[in-house]
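Take a look at the structure set out below.
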Amino acid sequence: MRRAIGGGRTGAHGTPRAGWAAALLMLAGGPLVLPSALAAQDAVGGDYRWTMPAAYREVQLRAQETQRKLLLQMADSMPERHYRESAEPGQRHFAAQLHHVAAADVYIVSKFQLEAAPPTLPDTATTFASRDGLKRFINAAYDYSIKALREQPDAERQKSVFYFGQRIPKWLIWDELNQHSIWTIGQVVANFRRHGMAPPAFSYY
């Protein structure tokens with residue numbers, strides 16, 4: 001797990017954490033803030049002094065829609081008779097893996113973004129029973145998260161929270177969530193290969 005930016009750890013490729021933050025901000029056209037400014041943000045729930053441009057919300061909305069689209073394509077492309085099959089022992093079965101992505105989306109948004117109880121969604125018996133059930137769950141989950149992202153106040157996006165052991169601004173949680181979703185969705189490619197099938201075609205967002 002990554003720690004708060006400016007904490008001295010390195011990123012995924014050995015890049016100093018502060019350097020990663022600076023590079024991201026330069027690419028986004030945002031202001032560059034030195035570690036000394038970040039040091040003033042020790043209080044839980046404080047506001048981060050470095051920001052992303054307001055328009056970056058549109059990039060994150062596009063990412064959420066892309067996640068939904070990919071999940072629905074996966075659900076449509078796999079025959080229902082293979083929904084409860086795993087590619088390897090110990091792996092979630094196909095429908096459970098897609099369900100996990102959408103359920104995590106709802107959990108993260110409700111707990112860390114809205115700080116509210118999650119909505120009531122169809123249970124797994126209904127969701128795993130059919131293609132229609134799985135797609136209804138996916139759509140309900142992303143209707144919820146996309147609405148939350150679209151309506152999230154700018155000031156709220158700047159607030160920092162503890163997120164699985166690291167303190168980050170709320171706007172960054174949307175990117176962390178996208179990383180988890182795409183990584184998890186990609187694992188079901190093995191389910192398609194197991195049956196000699198091609199997965200849905202890659203597409204840019």
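The values are calculated or read from the model by the stated rules, or taken from the named source; none is laboratory data. The model shown is predicted, which means the values in this text are computed figures rather than measured ones. Here the Cβ positions follow ideal geometry from the backbone for every residue, glycine too, while neighbour counts run over all protein chains shown. For the accessible areas, the whole protein counts, side chains as well, though only heavy atoms, and no ligand, DNA or RNA atoms are used. Shrake-Rupley method; radii C 1.70, N 1.55, O 1.52, S 1.80 Å.
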- Item | Which listed residue is basic (Lys, Arg) and touching a Lys or Arg at 6+ places or on another chain (Cβ under 7 Å), from LYS159, LYS69 | LYS159
- Within region 80-114, residues in a loop (DSSP other than H, G, I, E, B) and either touching a residue at least 40 places away in the same chain (Cβ under 8 Å) or of a type in the set (Phe, Trp, Tyr) (or both) come out as TYR83, ARG84, GLU85, SER86, ALA87, GLU88, GLN91
- Message: What's the number of the only condition in (1) at pLDDT 95 or above; (2) touching a Lys or Arg at 6+ places or on another chain (Cβ under 9 Å); (3) within 30 Å of ALA55 (Cβ to Cβ); (4) not β-branched (Val, Ile, Thr) that GLU80 fails to meet?
- Response: (3)
- Got a number for residues in region 130-164 being closer than 30 Å to HIS93 by Cβ, modelled with pLDDT under 95 and open to solvent by less than 70 Å² (accessible area, probe 1.4 Å)? 1
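Every residue, every condition in (1) open to solvent by 30 Å² or more (accessible area, probe 1.4 Å); (2) closer than 14 Å to MET78 by Cβ; (3) touching a residue at least 60 places away in the same chain (Cβ under 8 Å), yes or no:
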| position | (1), (2), (3) |
| --- | --- |
| LEU177 | no, no, yes |
| THR184 | no, no, yes |
| VAL188 | no, yes, yes |
| GLY196 | yes, yes, no |
- Please work out if ASP123 is of a type outside the set (S, T, N, Q), more than 20 Å from TRP174 (Cα to Cα) and open to solvent by 50 Å² or more (accessible area, probe 1.4 Å). yes
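Among the residues of region 60-70, write down those that are in contact with a helix residue (DSSP H, G or I) (Cβ under 9 Å, 6 or more places away or on another chain) and either closer than 13 Å to PRO153 by Cα or open to solvent by 60 Å² or more (accessible area, probe 1.4 Å) (or both). Write out each step before concluding.
Of region 60-70, the ones in contact with a helix residue (DSSP H, G or I) (Cβ under 9 Å, 6 or more places away or on another chain) are 60-61, 63-68, 70.
Within region 60-70, GLU65 is the sole residue that qualifies.
What residue, among those in region 116-130 that are outside any helix (DSSP H, G or I) and touching a residue at least 12 places away in the same chain (Cβ under 8 Å), is farthest from ARG157 (Cα to Cα)?
The initial filter retains those residues of region 116-130 that are outside any helix (DSSP H, G or I), namely 116-123, 128-130.
Adding the requirement that they be touching a residue at least 12 places away in the same chain (Cβ under 8 Å) leaves 118-119, 121-122, 128, 130.
Values: PRO118: 19, PRO119: 21, LEU121: 26, PRO122: 29, PHE128: 34, SER130: 37 Å.
This residue is SER130.
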- Please tell me if ARG167 is surrounded by 15 or more Cβ atoms within 10 Å (Cβ to Cβ), among the basic types (Lys, Arg), in contact (Cβ under 8 Å) with a residue 12 or more places away in the chain and touching a Phe, Trp or Tyr at 6+ places or on another chain (Cβ under 7 Å). no
- Note on the structure: With the first residue restricted to region 131-144 and required to be more than 15 Å from GLN67 (Cβ to Cβ) and outside any helix (DSSP H, G or I), and the second required to be modelled with pLDDT of 95 or more and among the basic types (Lys, Arg), Cβ contacts under 6 Å at 6 or more apart or on different chains are none
